[in-house]
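The values are calculated or read from the model by the stated rules, or taken from the named source; none is laboratory data. This structure is a prediction, so every number in the text was calculated from the model and none was measured. Here the Cβ positions follow ideal geometry from the backbone for every residue, glycine too, while neighbour counts run over all protein chains shown.
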Amino acid sequence: MQAKNQKIVVLGTGGTIAGESSSASEGLSYKAAQRGIDVLLQSVAEIGQGMPKALSAFQFESEQVAQVDSKDMSFEVWQRLALRVRHFLAKDDVRGVVITHGTDTLEETATFLHLSVDSDKPIVVVGAMRPATAYSADGPANLLDACSVAANPSAAGRGTLVVMNGRIHSGLWVGKRHVSSVEAFDSPLAGAVGEVADQAVQWFR
Ligand code: ASP
């Protein structure tokens with residue numbers, strides 16, 4: 001599949017990845033779900049340029065599906081999200097969908113989409129442990145990694161994936177194991193399915 005004329009759709013639902021605190025040194029006390037998905041997407045562009053080279057052939061489209069702290073995730077938002085994911089994945093020019101999400105119920109959303117959306121195209125759920133305002137915010141790197149995974153030809157047929165801190169997990173096995181570390185997600189029974197660094201994706205299996 002050629003990247004030319006292919007699109008990656010990024011859907012925003014809120015979470016810490018879209019969170020803001022009153023100062024850059026404040027990484028634990030903040031308000032989740034403050035920044036729009038268009039602003040988050042801009043944060044992964046090269047300074048003064050567009051997307052990093054590996055992704056520059058793709059077009060990007062974003063949509064704000066919800067703006068919630070994911071501890072308040074609801075069946076209504078899940079239903080809307082699944083409808084929008086199915087809508088975009090049915091389009092010929094869409095390579096895959098990335099969803100920004102809070103980490104509290106990220107694994108539930110990933111499992112739900114894995115089991116309820118029937119498509120070979122990748123669905124990649126991504127979050128962050130630090131708000132967007134933090135000195136060392138992990139959101140932009142995680143979002144860039146998630147887009148790189150959605151763009152990767154070998155991501156097809158793997159169902160819903162979760163990308164956090166350079167690791168790619170299956171939406172079926174992943175779980176949150178830590179409340180503050182950027183290394184918060186793990187797949188204890190199955191292990192990670194791959195890793196991503198500098199837009200290069202490597203699959204373990
Ligand atoms: N409470 C936040 C949320 O789930 C936590 C996070 O995103 O890390 O939206």
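A quick yes/no check of all residues on (1) modelled with pLDDT under 95; (2) in a helix (DSSP H, G or I); (3) in contact with a Leu (Cβ under 7 Å, 6 or more places away or on another chain):
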{"residue": "I99", "(1), (2), (3)": "no, no, yes"}
{"residue": "T111", "(1), (2), (3)": "no, yes, yes"}
{"residue": "L115", "(1), (2), (3)": "no, yes, no"}
{"residue": "A128", "(1), (2), (3)": "no, no, no"}
{"residue": "A134", "(1), (2), (3)": "no, no, no"}
{"residue": "A141", "(1), (2), (3)": "no, yes, no"}
{"residue": "V163", "(1), (2), (3)": "no, no, no"}
{"residue": "H178", "(1), (2), (3)": "no, no, no"}
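Considering only residues of the range 10-25 that are crowded, with 24+ Cβ neighbours inside 10 Å and in a loop (DSSP other than H, G, I, E, B), which is farthest from the chain's Cα centre (by Cα)? Ranking the qualifying residues of the range 10-25, first place goes to G19.
Within the range 72-85, not a single residue is over 23 Å from N165 (Cβ atoms), of a type in the set (A, V, I, L, M) and in a loop (DSSP other than H, G, I, E, B). Remark: pairs (first residue in the range 1-18, at pLDDT 95 or above and among the polar types (S, T, N, Q); second residue within 16 Å of the ligand (Cβ to nearest atom) and in a strand (DSSP E or B); Cβ separation under 7 Å; 6+ apart in sequence or on different chains) = T13/V65; T13/A66; T13/V68; T13/I99; T13/T100.
When you look at L28, is it of a type in the set (A, V, I, L, M, F, W, C), under 20 Å from P131 (Cα atoms) and within 12 Å of the ligand (Cβ to nearest atom), yes or no?
Values: of a type in the set (A, V, I, L, M, F, W, C): yes; under 20 Å from P131 (Cα atoms): yes; within 12 Å of the ligand (Cβ to nearest atom): yes.
In short, yes.
For H169, the conditions (1) out of contact with any Phe, Trp or Tyr (no Cβ under 7 Å at 6 or more places or on another chain); (2) more than 22 Å from E63 (Cα to Cα) all hold with the exception of (1). Among residues that are among the charged types (D, E, K, R), in contact with a helix residue (DSSP H, G or I) (Cβ under 9 Å, 6 or more places away or on another chain) and at pLDDT 95 or above, K71 is not included.
Within the range 31-70, which residues are of a type in the set (D, E, K, R) and within 17 Å of the chain's Cα centre (by Cα)? Even if it seems obvious, please write down each step before you answer.
Kept after step one, since they are of a type in the set (D, E, K, R), are these residues of the range 31-70: 31, 35, 38, 46, 53, 61, 63, 69.
R35, D38, E61, E63, D69 - these are the residues of the range 31-70 that are of a type in the set (D, E, K, R) and within 17 Å of the chain's Cα centre (by Cα).
Looking only at residues in the range 57-74 that are crowded, with 16+ Cβ neighbours inside 10 Å and small (G, A, S), the one that is nearest to the ligand (Cβ to nearest atom) is S70. Exactly one condition in (1) out of contact with any Gly (no Cβ under 7 Å at 6 or more places or on another chain); (2) within 16 Å of the ligand (Cβ to nearest atom); (3) without any contact (Cβ under 8 Å) to a residue 40 or more places away in the chain is false for Q42; which is it? For Q42, the exception is condition (2).
How many residues does the range 98-130 hold that are more than 17 Å from Q42 (Cα to Cα) and more than 8 Å from the ligand (Cβ to nearest atom)? Final tally of qualifying residues: 20.
Restricting the search to the range 75-97, which residues are within 16 Å of the chain's Cα centre (by Cα) and either under 23 Å from Q34 (Cβ atoms) or within 16 Å of the ligand (Cβ to nearest atom) (or both)? Matches in the range 75-97: W78, L81, R84, V97.
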